[in-house]
Every structure is written in structure tokens, then in C-alpha cells.
Amino acid sequence: MEKYPDDKPSMTKNQPHDVVEDSMEGKALPVKAFSKSWLTDILLTVETTGIQRVTEDERQQNTSKVWNACTFWLSANMAVATLNVGSVGGSLGLSFWDCFAIIVVVNVFSCMIPAWTAGFGLTGLRMTSFSRYSFGYWGNLLVVVFSMVSTTGWNAVNSISGASVLNALSNGKCPTWLGVVIICTTVWVICALGIHWIHRLDAFLWIPPFVVWCFTAGFGSSHFSGDAIKSPSGANGAAASLSYIAVIFSFAVSWINCAADYNVRMPVNTSRAQIFVATYVGIAVPTILVQTLGAALYTGTEINPEWKLAFKESGIGGPLKMALEPAGGFGKFLLVLAALSAIPNNIPNNYSFAMHAQNFGPWAARIPRIFLVTLGFIAAIIVGACAAEFFSDTLQTFLSIIGYWTVIHLTIVAEEHIIFRACRWSQYNLDAWNQPDLLPFGWAAIGAFGFGFMGAALGMKTAWYTAPIAGLIGSKGANVGHELTFAFSAITFPLFRYLERRHGGK
């Protein structure tokens, strides 16, 4: 079997260039003598390949550990964007306690979904490649396109969240677009190095923002109020709750499209249960804690005019700055750390953007990963700089739309695995992942995809469009697009897939 190493191997004694000449003394020194240099360490562990399946033999070197699945997601979710999402409930008119109940209940269940798909990485395939077994080789192009759009959008949203903190810290002297550039550039450097360095850095990157949120809760607690906002009653209350549920759900399940990507180097005998638990803890714990803090911060804007003005001028960075103001210079330092929390939050998006893009076909797989990472970096800067002007509306609308697509992706992959593969990994020919003649075309997934978005079009509620069914709930409408998207795609895919297998044989 042809092997595709994910990392550049270090030189061994059997390789022709295992020694270098010492120009001073003419002695042959083993390359290992230079391995202690930080520059050599970086060069020898930079990821040089792309979506090729990582075989069992290749996982014996530079192996990922189960705890990497926890710390990676701790770093990704202990972020200012998570804080921002938590504040959305208050802007929809919900009280803190209603927001808290929704945050806890929705995340407890929805975070199980990316934790489950994280185990798919033991196949050695990234999620976008694995989706070919359910979407088909050509139908999977839908997965590629929407995954690239979602990662670019998340890159922009997360960067804007961090940039808003820099804007508040500088009293507007650091424009949001400049903050976006700073954050995206740092993310680009880390993603260019590859998965080995991502896991190495993410083992610690969750700690600084965790400290920030602890101090924020302590200094800002006197300005929080559970009674500052009264939730609307009746249909209007239900509408606001459903819309907030959609936002919280979309944030949690957005990791489905890439959760498997960071476990492809784990030994094949790694327990999927352990990966599930590690990933679940890494996503659920920081998401619940930080979103709750975001909801609490928003209550301060309702009882304090200065906080309200700060929120209007700098988004979530405004009340965050006000909460840490009593800490003086130390508070400003904490604000910098809060802004930089957008960096690990964006690593999954920029890194997986390249992996998604390489699934366009054999020609795309030959494009160097570093080039595609750079393309994603440029796209994120452009989108982020433009979306910053309408961030509040952009955040709610984007989270909802990406949630619809993610529901379809999950539904089709899950039904293929449970109904047509009987939950047996032996039913997958993992060597066929890039062979169109051994994979279905994807007519079933394409059909279910279309019906799924029909459901979304009937039930979505965004800042710019309220669908017919959504408009029936409350005076402003409610987002029930996720429920209808799931229903339409879940019912149609098994029927279409049965016909595809019967007439296509794959």
C-alpha cells in the first residue's frame, strides 16, 4: 500500500544525508546533534502533506494522544467568540436565567454530536474525505463547498470578536479591521506549521483565557443582574427562546465538519469512548461556562448606561473592558489575552479550510497545503473586515445558516453509518476513499440535501429574512429551520439511498 506521511520524517542513520560536515574541524556530526535547535525542531515537524489517509504504520510516529482531543477543544472554545454567542440571548430579549437554562440544556446534548464524529478520525481520514462514503464522490463536492464557506465565516466571526476587544482596549484607535488582520496572521503562522505544532501549542493555549474569564466574573459580578431583563411571555417568549436555541445549537455542532481531522494520527486501537469523553469535555465545559459569562455580561448593559454605550461602540469587548477596569493595568493585560483567545479559536477553521479544499479532486490534492492555508487566511481577512460593519446581524444570521448545512451533513453521514453500514467500521473500504469507481455518485445525498434546505427555507429566521413557517410564531417570528431541515433530510435520504444502492450497486 502506498504511504502518505503527514509529517516530514527526521533523518536516520540509514539515509544518505544523515551527517553534515563541520567546516571548522572537518568532523562528521550526526544531524541529531542539531535537533536541539528550535529552528531544526520546527523544520523537522512541519506538516508537508494533505488529505492522504494516515495508515496504521504511519501513526507509530508523531502520534497524537487522547488528551490532545481535550486540550485542543478547550483552547478552541475558551474564546471571546464563545462569550459573544452567550450575549445573543439578551439581545433577543431573554432574561439571564432563561439564557442560562438554554445554554446548559442545549450544550449538554448538542456537544455530544461533534464528540461522536471526532472518533471518525481513527479511520485516518479527515471528515470531508470520510463524507464521500455517504455523499458519494461527486455529491461530496457540496460538503467541500459548504465546509469552506463555513470555516471562512467562522474565521471572520471569531476574528471580529477578538478584534472588538482590541478596539475597546485602544479606545477605538485600533480599528476592527486591523484587529482582524493581527489575529488571522497569527493563526496563519500556526496552521502553516501543521497538526503537530497545533496540538503542542493547544495543550496550553486554553489557560490564559480561562484566567481572564475568572477575573472577569470576579470583577464584574457586582454589575450583573438576573432581573435586568424580563423575558417576553407567550408566543413572543417562545419565538425568542427558539431563536436563541438555534444559535447555541449551531455554535456547538459547527465543529462536526472538522472534529475528526485532529485525531487522524491517533493509534488505530485508541478507544472511541475515550475520544468521545475527551472531546465532549473539551467542547462542553468551556462552551457552557463562557457563554454563561457572556449572558451575564450583557445584563450589565441593561442596568449601567456606560456599559450600554461601550457595548454599542465595541460589541462584547466594551462591557468586557468595563468589567476589568477596576483591575487597572492588569485588567488591560487581561484584555489583550482575551483578544488573543481568538487565535486558538480560529486554528480549526484555517487548518481545516485547506483539508476541505483538497477534496475538490486529484488536482486539488496536489496543491500544497500551505498555499490553501494562505488562501483561507486571505478570505477570512476580506470577509472579516467587511462583516465587522454589521456584526450583530451577521453573527445571528451566519450561525443559523451554517447550522442548517451542518444538520444536513450530520444527518446523511449518521444515517449512512447507522442504517446502511449497521454501525460496522468493517463495512467501509478505507482504501477506496479517493477512487470514484468504488464510491457512489451521490445522487441520494444531493436529493436529501435539496430537501433539507427546502425545510430550512420554510423555517429560518434571520436578521434579513423570515420564512413562512417561522413567521407564524410570535410577532417577529422564530427560528425553526433546524428542526425542519432535519426532518426533511432525515426522511428523504434513506429512501433515495436505497434506490441508489439498488440501481447503482454502491
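Below, the figures for the structure above:
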read-out	value
Protection proxy ranking, peptides 141-147, 116-122, 267-273, average beta carbon neighbours within 10 Å, highest first	116-122, 141-147, 267-273
Relative contact order (%) - criterion: Cα under 8 Å, at least six apart; region: the stretch 79-177	24 percent
Shape category assigned to the stretch 209-298 from the gyration tensor of Cα positions, a/c cut at 1.5	oblate
Mean Cβ neighbour count within 10 Å, used as a protection proxy, ranking 283-290, 199-206 highest first	283-290, 199-206
Contact order normalised by residue count of the stretch 404-503, Cα under 8 Å, 6+ apart, percent	35 percent
Probe 1.4 Å, all protein chains present, accessible-area order of Tyr280, Tyr498, Tyr244, largest first	Tyr498, Tyr280, Tyr244
Relative contact order [Cα under 8 Å, 6+ residues apart], the chain, whole percent	26 percent
Listed peptides 82-91, 435-444 by packing density, highest first (mean Cβ within 10 Å)	82-91, 435-444
Accessible surface of the chain [probe 1.4 Å, protein heavy atoms]: carbon and sulfur percent	67 percent
HN-Hα J in Hz across the stretch 266-279 - Karplus 6.51, -1.76, 1.60, θ = phi - 60°, x for Gly and Pro	6, x, 5, 8, 5, 5, 5, 5, 5, 4, 4, 5, 4, 5
Size of charge dipole - the chain - debye, nearest 20, with Cβ of Lys, Arg +1 and Asp, Glu -1, no other charges	460 debye
Residues with amide H under 5 Å from that of Arg265, placed H, sequence gap 5 or more	Ser64
Estimated 222 nm signal from helices in the chain, with DSSP H stretches of n ≥ 4 weighted -39500 (n - 2.57), rounded to 500	-20500 deg cm²/dmol
Global geometry of the stretch 115-166, whether rounded, prolate or oblate, following the gyration tensor of its Cα atoms and the 1.5 cut on a/c	oblate
Backbone HN-Hα couplings from phi across the stretch 410-420 [Karplus 6.51/-1.76/1.60, Hz, Gly and Pro as x]	4, 4, 5, 5, 5, 5, 4, 5, 7, 7, 9
Note, ³J(HN,Hα) from phi for the stretch 358-364, Karplus 6.51, -1.76, 1.60, rounded to Hz, x at Gly and Pro	5, 8, 5, x, x, 5, 6
Shape of the chain, Cα gyration tensor, a/c cut at 1.5	oblate
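The values are calculated or read from the model by the stated rules, or taken from the named source; none is laboratory data. Here the structure is a predicted model, which means the values were calculated and not measured. Glycine gets a Cβ as well: all are built from the backbone with ideal geometry, and neighbour counts include every protein chain shown. With ligands, DNA and RNA removed, areas are computed over all heavy atoms of the protein, side chains included. Shrake-Rupley method; radii C 1.70, N 1.55, O 1.52, S 1.80 Å.
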